[in-house]
Every structure is written in C-alpha cells, then in structure tokens.
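Read through the structure below, which is laid out as structure tokens, and then see the notes.
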Amino acid sequence: MTEQQTKVLASGWTVLWLFLAFIAALIPTGALASPLALGPDIPYTSMADKSQQHTVEQAYTQLSRAEETHTKIFSRGYTRTPYWLHFSLPARLFEGDERWVVLAPNFIDDIRLFYRPAGSQQGWVERRTGDTWKGKRGDVDYRFPVFRLPPPKDAQGYEVILRAASTSALLIDLKLWEPHLFLQHATRTTSFWAFYFGLAAISSLLALILAILLKSKKLWSITAVSAGYGLVACVQGYIGWLLPGVGLTLQHYLTSIFTLTSYAALLWMSSEVMHFKEKLPWAHKLMTGTAALIIMLLISVPLNLYDEAIYIQTVIYLFTGIIFLVSCLYIWWKEKFQLTNLILGISPLLIMLASLSGLMSMLTWLPYHPSIYTIWQYGLILNMLLVISTAVFQVYKQRIEELNKKKMVEELHFEKEARAHQRQFMGIVAHEFRTPLAIITASLANLRYLPSLNRQETLRYEKIERATERLVQLTDNCLADARLSAGQLLIETQPHSLVELITSAASLIPLSDHHSWKLTQDNQHIQENSPPKADAILEIDPALMRIALSNVIDNAVKYSPSGIIHIDLSRQHNHWVISVRDQGTGIPADRVAIIFERYRRASLDDESTRGVGLGLYVSRQIARAHGGELELAENASSGCRFTFILPLTSNNNQDI
C-alpha cells in the first residue's frame with residue numbers, strides 16, 4: 001500500500017466517522033418516524049419509593065401533589081430504589097384511534113404500567129413487563145415490550161402511573177406511537193439490524209479465522225471486541241425476542257456480562273493496535289492489567305453486586321482512557337504523526353470516548369442522550385472493520401518482510417557457498433601456478449648470469465622478474481586466504497632474524513625504477529648486507545611473515561608515486577614493532593575502517609593501483625596468528641605508516 005493509498009483510506013474512514021456523528025445528531029432515536037417521547041414531549045412527575053412498599057394509589061396520591069415536572073428522559077443511574085412516574089395522555093393524542101406504548105431499554109428488571117381514564121375513580125389497568133418477568137411481555141411480538149392503549153371514551157384521556165425497578169441502570173425511554181408509523185419504523189429498523197448483525201458476524205468470523213491462521217495477538221484482541229456485538233444484541237432486545245422462554249433470563253445476565261467483557265476487550269485491542277508492548281511497555285501492562293481487573297469483576301454478576309462493579313469499572317476505565325490518550329499523543333509525536341498510527345489510534349479512541357460517555361450517562365454523571373449509544377453501536381462495527389483491514393495489511397506486510405528476510409538468508413547462504421567455491425578454485429589455481437612460477441624464476445636467474453647481456457636485455461629481465469614476483473605474491477595471498485577461510489593455516493615457528501626477514505620481503509623495492517628503501521633499527525641505519533643484531537631474533541613462521549610483510553611493503557610501493565620506503569625495527573616493552581612508512585597521498589577517511597576487510601581496497605578510482613583487496617586482510621590474519629597485530633598507525637596526506645606488533649614470547653595460534 002502506497003502513501004497515496006493510505007491517505008485515501010484515511011480520508012474515507014474520516015468521512016465515515018463524520019457522517020456517523022452527523023446522522024446521530026440529526027436523526028431522532030425513533031428513526032425516520034416521529035413518536036411522542038416521555039419527557040421531551042410528555043412531561044411527568046416522579047418519586048423514589050425508598051420503602052419499596054407503596055401501592056399504586058399511594059404513589060398516585062403523592063405524585064398528584066408533586067409540583068416539579070420533568071421534560072428529560074428519565075434516568076437515575078444504578079440504584080436499587082424503585083421509582084414511580086406519573087403522566088397524562090390527553091385524548092387529542094389518540095385522534096380516535098389506539099396508540100402503542102413502546103418501553104425501552106430491555107435491561108430493566110421490572111416495569112409496571114397502570115392506566116385509567118383521567119379524573120375517574122375506576123380501578124387501574126395493570127400491564128407488566130421486564131427482563132425478569134415470566135409472563136407475557138406485551139401485546140405485540142416485538143423485541144421491545146409494546147402495549148396497546150385503546151382510544152379513550154371521553155375527552156380527558158388517560159392518567160398513567162409507571163413503576164420501574166432494576167439492578168442495572170434505571171432508565172425509561174417510553175415512546176407513544178401511531179400503529180402504522182410504528183410498523184413502518186419496526187420494519188425499517190429490523191432490516192437495518194439484520195444487516196448490522198450480519199456484518200458483525202462476518203467481521204467477527206473473519207477476525208477469528210485470521211487470528212487462528214496468522215497467530216496474531218492483535219487479531220485475537222479484535223475478535224474479543226466482538227463481545228460488544230453481544231451487548232448491542234441484548235440492549236436491542238434480540239436475545240429475548242429470538243429465544244422465547246429462556247431468552248429474557250439469558251438476556252438479563254448476558255447484558256451484565258457483555259458490558260464488562262466488551263470494555264475489557266476494547267482496552268486490550270487499543271493496546272495491541274498501538275503496539276504499546278513494544279513502544280510503551282508500562283502502558284501495555286497498565287491497560288492489560290486494567291482489562292484483567294474488569295474481567296475479574298464478572299464475579300459481581302452472580303453475587304448481585306453488579307452496580308458496585310459498574311462504578312469500579314467506570315473509574316478505572318476513565319483513568320485508563322486518559323492514559324491511553326496521553327500515550328497515543330506521545331507515540332504520534334515521537335513518530336512524527338504517521339498517518340497509519342493516527343488512523344489506528346483515533347478509531348479506538350473515539351469508541352472508547354463514546355463508551356465512556358455511555359457509562360457516565362448511565363451513572364447520571366452526564367446527561368443521557370440516545371446519540372451516544374448510536375455512535376457507539378455504529379462506530380463499533382466501523383472500528384472493527386477498520387482495525388481488521390489495517391491489521392491484516394500490517395500482518396501481510398510483516399509476512400512479506402519475513403519472506404524477504406528468508407530469501408535474503410538463502411541468497412546469503414548461496415553467496416557464501418559461491419565464495420567458498422571461488423576461494424577453493426583460487427587456492428587450486430594458485431597452487432597450480434607455483435610450479436610454473438618457480439621454473440620461470442629459476443630460468444630467469446640463470447639468464448641473468450649470462451656474460452653477454454646488454455643493458456636492454458637486463459631491463460627486460462628485470463621487468464620479467466618484477467612481474468613474476470607480483471604473480472608469486474598474488475599466488476601466496478590466494479593460498480593463504482583459502483587456508484584462512486578453511487581454518488587450515490598451519491603456523492610452523494622457528495627462530496628467525498627479523499632484519500633478514502625484512503630484507504627478503506623488501507626485495508621487490510629495488511626492482512622499481514622510482515623507489516628505494518631504508519632500514520633502521522632503534523634509529524640506527526642498517527646497511528643491506530650488514531649482519532643482523534643478535535637480539536633481533538624471534539620465533540616466527542618465516543614464510544608466512546614474509547608474505548605478510550611483503551604485502552604491506554608492496555602497498556607502500558603501489559600507493560607512492562616515488563620516494564623512499566622507510567622500514568623501522570624497534571623493541572617496545574615486550575614486543576617487536578616493524579613499521580613501514582610510505583610517501584603516498586594517504587587513505588581516504590571513508591575507507592580507513594574497511595581496508596583490513598577481505599576484498600576491500602584503499603582506493604577504488606586509481607586505475608594504476610589494481611588489486612583484489614586481499615593483501616592487508618591476509619597480513620593482519622598472519623600477524624594475529626602469531627599473537628600480534630597489524631595496525632594503521634598514521635594516515636596523512638604525506639603518507640601512511642603501518643606497524644606490525646609481534647610479542648617476544650611465543651603466543652600464537654598454531655592452527656587457525
């Protein structure tokens with residue numbers, strides 16, 4: 001997915017959220033039809049029955065004296081105290097036809113509706129419902145209790161008394177409908193909810209299948225959020241409607257269970273989609289710990305302590321929501337407000353805000369408004385689809401990266417094998433070159449002793465000798481590299497003169513037309529044929545050390561246009577130090593760190609200094625095999641100085 005595609009996706013989901021908020025704010029809860037609502041359209045009086053012993057007549061007497069009327073939807077939060085409500089339905093509201101009373105929500109334990117003609121002393125007609133009521137719920141087969149009120153026989157209408165008691169939130173959302181409008185509304189809303197739960201089932205099943213196949217905790221957390229759909233089904237009355245007999249009792253308990261589990265699942269999902277475990281481990285522990293604590297509150301349902309559990313959940317949920325918001329802001333700021341993270345964070349944040357507002361309105365900490373639940377119910381499925389699509393994309397991207405890594409590992413393995421075969425081939429070729437080169441060298445030495453050589457022939461023989469020495473040196477390096485790679489470089493030490501070693505390794509310098517060399521020991525000049533000092537003797541492998549020293553000296557010749565190659569031998573503490581200084585132009589700063597690596601060269605642009613990049617690597621490995629080291633001691637525009645540091649005592653790896 002490109003950045004442009006991500007922006008289009010983000011814009012689409014933003015438009016959906018804005019459209020959702022707009023619809024929730026403008027469309028009334030009664031959908032497109034317009035019923036009369038208790039409170040906004042039908043004022044009422046109310047009283048608390050703290051003794052829980054009032055009869056309908058006693059309640060009517062007290063309510064008739066009440067002076068304060070209410071014009072908002074009745075909501076008293078989580079309370080065990082029953083409440084009585086009184087209101088009038090004038091005859092003009094009936095227009096000579098019956099009206100249907102629809103009672104919501106479905107989680108009220110016990111609702112009793114009493115009515116009689118206004119101003120009369122007749123007995124009250126009682127109708128009863130609630131999710132703990134074992135009798136008939138209403139007069140119409142519908143997911144909410146529906147009572148049919150016949151048209152009043154006189155002009156005064158009806159007086160209505162309503163008693164409500166619940167162990168859940170005490171909320172009465174009563175609507176008075178014209179029958180034909182209600183049937184239109186019921187048909188429309190049933191079709192919508194069928195589509196809603198169908199989409200919810202598909203998205204939940206998709207999340208479950210993906211969670212199993214991809215083994216992603218993020219997708220498991222999204223699957224857990226499906227508990228919210230169960231809560232929506234309970235609130236909308238579908239459990240009790242579709243399962244007659246046991247449905248109401250099951251719905252009563254499932255409402256409490258789904259309320260707790262859906263909020264816990266939302267916290268878990270929010271932490272997973274924002275990758276708190278990797279980015280903010282303490283926030284991840286806090287949110288998952290809070291989710292676990294909310295799950296533990298399920299024990300309150302059988303203990304009849306659900307209202308206390310809701311208070312606890314709301315407090316810790318509010319605190320955790322603030323932490324989530326602050327954590328999201330920190331991550332967005334730290335990652336420079338990446339679009340994908342913004343989408344993933346804003347969506348659960350909006351759901352969390354809507355669900356928290358719902359909790360607080362149920363507790364009467366905020367005024368109750370149906371649009372809060374509309375946003376929460378609609379936003380729940382939009383959030384799930386968004387998070388699923390984004391999570392699947394991220395998991396897909398992760399799988400692609402893993403496949404690329406696997407492919408890279410395989411390619412590196414093939415490359416390693418290819419290099420091994422290449423080094424093996426080079427070792428074989430180098431070994432096969434040794435015999436012809438030895439013959440050429442011996443023949444050349446014999447030719448140089450002929451008495452009739454002229455100056456031109458001598459120069460030709462020197463060029464042949466120089467080229468032959470180059471080939472011998474390259475052959476030795478290839479053989480040494482092959483043995484180093486195979487771990488078969490055998491060190492055979494013996495006492496050997498370091499001055500003699502240096503003189504032998506520097507034999508290439510006189511073959512150059514533009515270079516000479518100078519050897520000093522402890523700052524004293526040593527002539528080429530002078531006998532070595534007795535103390536300049538060291539246990540080494542002469543053949544290998546000659547290769548190592550020849551490589552460094554050869555580099556000094558190659559990278560110096562002309563001048564003197566200064567070689568110094570000195571004793572420092574418990575080491576012998578051999579320094580090789582040239583008069584070149586130095587090594588570029590960006591190449592210093594890699595010059596001792598295999599197949600790396602100090603200069604890539606200079607065509608006059610060709611090579612394969614093995615010399616310094618082989619030389620360092622040989623020095624280390626002797627327990628010593630090869631270092632770049634100085635690097636300046638006036639030249640470089642390389643130093644071999646070799647211990648006085650034998651401290652070598654005999655076989656590396």
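Read the figures in this text as sums done on the coordinates, not as results from a lab. Values in this document were obtained by computation on a predicted structure and should not be read as measured data. Every residue, glycine among them, receives a Cβ derived from its backbone with ideal geometry; neighbour counts consider all protein chains shown.
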5 Å binning of all Cα-Cα separations within the range 489-647, expressed as whole percents from 0 upward
2, 9, 19, 24, 22, 14, 8, 3, 0
Taking TYR599, TYR60 and counting other C-beta atoms within 10 Å, the order from fewest to most
TYR599, TYR60
For ILE491, residues with placed amide H under 5 Å, excluding near neighbours:
ASP655, ILE656
Restricting to lysines and to Cα separations under 25 Å from LYS215, and discarding same-chain partners fewer than 8 apart, the set is LYS277, LYS279, LYS285, LYS397, LYS405, LYS406, LYS407
On average over all directions, what projected area in square nanometres does the range 36-177 have, based on the convex hull of its Cα atoms?
8.1
Using the Karplus curve 6.51 cos²θ - 1.76 cosθ + 1.60 with θ = phi - 60°, work out ³J(HN,Hα) for each residue of the range 158-169 in order, rounded to whole Hz, and write x for Gly and Pro.
10, 9, 10, 10, 10, 10, 10, 9, 7, 8, 9, 5
Lys, Arg +1 and Asp, Glu -1 on Cβ, resulting dipole of the range 310-414 about Cα centre, debye, nearest 20:
100
Residue-span extension gain [ILE440 to VAL315] - 0.36 nm each, minus C-alpha spacing:
35.7 nm
Going by how many other beta carbons lie within 10 Å of each one, how would you line up CYS328, CYS234, fewest first?
CYS328, CYS234
Residue-span extension gain [THR132 to TYR599] - 0.36 nm each, minus C-alpha spacing
159.8 nm
Would you kindly derive the ³J(HN,Hα) couplings of the range 112-128 from the backbone phi angles with the Karplus curve 6.51 cos²θ - 1.76 cosθ + 1.60 (θ = phi - 60°), listing them in order in whole Hz, with x for Gly and Pro?
10, 10, 10, 8, 7, x, 4, x, 9, 10, 5, x, 7, 7, 9, 10, 10
Determine, from the Cβ-Cβ distance of LYS285 and LYS334 and an R0 of 25 Å, the FRET efficiency 1/(1 + (r/R0)^6), rounded to the nearest 0.05.
0.85
Amide H contacts under 5 Å for THR167, placed H, 5+ residues apart
ASP109
Mind giving me the nanometre distance, one decimal, between the label points for GLU500 and SER570, set 7 Å out from Cα along Cα→Cβ?
2.6
Using a Förster distance of 25 Å, the FRET efficiency for GLU95-HIS70 (Cβ separation, nearest 0.05)
0.45
Under 5 Å, built H, 5+ apart or other chain: amide partners of GLY627:
ASN653
By how many nm would the segment from VAL409 to ALA155 grow when fully extended, if each residue of separation counts as 0.36 nm and the alpha-carbon distance is taken off?
82.5 nm
Can you put GLU597, GLU272 in order, fewest other beta carbons within 10 Å first?
GLU597, GLU272
